[in-house]
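Before any comments, here is the structure.
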Amino acid sequence: MKYKNILVPVDGSENAYKALREAVEIAQANEDELSILIVQDDGKLYGHALPIPKQRYTRASEMIVQEALDVVKDTVKSQIFVVVGLPKKQIVEFATEQKSDLIVMGATGANYFERMTLGSTTAYVVNHAPCNVTVVK
């Protein structure tokens, strides 16, 4: 199958960057474009008893963007998007809105606590995505 619009959610974890490298290879083989999505988790922004400065999360997103650009370099055409929300839902909504035909994501991400208590973002995306999902270990 030839993919045209590949979505790669990146959360700063090593598995996310492995998935990004895999997506670059898929995009190169298909002459496709990558959409790199960074979701600032609004639960982390507002869900704590003590307020956490929003700038801290913005800075973290900037660092993730820079690392993603370092991985992609000029190898494929790509766009980076930063949104705020619950990551698993934002990934599915973004894929639907952008008409992505493949999501490439890491098997596990940066949020170990959520995986243990609520189920992983990856499992949610696999079960709710409007397109194929490739999970990279």
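The values are calculated or read from the model by the stated rules, or taken from the named source; none is laboratory data. Remember, predicted model here, so these are calculated numbers, not experimental data. As a convention, Cβ positions derive from the backbone with ideal geometry for all residues, glycine included, and neighbour counts pool all protein chains shown. Only protein heavy atoms, including side chains, enter the accessible area calculation; ligands, DNA and RNA are left aside. Shrake-Rupley method; radii C 1.70, N 1.55, O 1.52, S 1.80 Å.
Can you run phi through the Karplus equation (6.51, -1.76, 1.60; θ = phi - 60°) for the range 2-11 and list ³J(HN,Hα) in whole Hz, with x for Gly and Pro?
Ordered by residue, 3J(HN,Hα) equals 9, 9, 10, 9, 9, 9, 10, x, 10, 10 Hz.
Check Asn132: other-chain or 5+ apart residues with amide H under 5 Å from its amide H, H built from backbone geometry?
Amide H neighbours of Asn132, under 5 Å, 5+ apart: Ile103.
Heads up, I need the accessible area for Asp74: 1.4 angstrom probe, whole protein in place, Å², nearest 10.
My reading of the accessible area for Asp74 is about 150 Å².
Which distance in nm do the two modelled labels at Val82 and Gln66 give, with both placed 7 Å along the Cα-to-Cβ direction?
Distance between the two pseudo-spin positions: 1.2 nm.
How big is the accessible area of Arg21 in square angstrom, nearest 10, if you roll a 1.4 angstrom probe over the protein chains?
100
In terms of solvent-accessible area of protein heavy atoms at a 1.4 angstrom probe, what is the ranking of Phe81, Phe94, highest value first?
Values: Phe81 50, Phe94 15 Å².
Ranked list, largest accessible area first: Phe81, Phe94.
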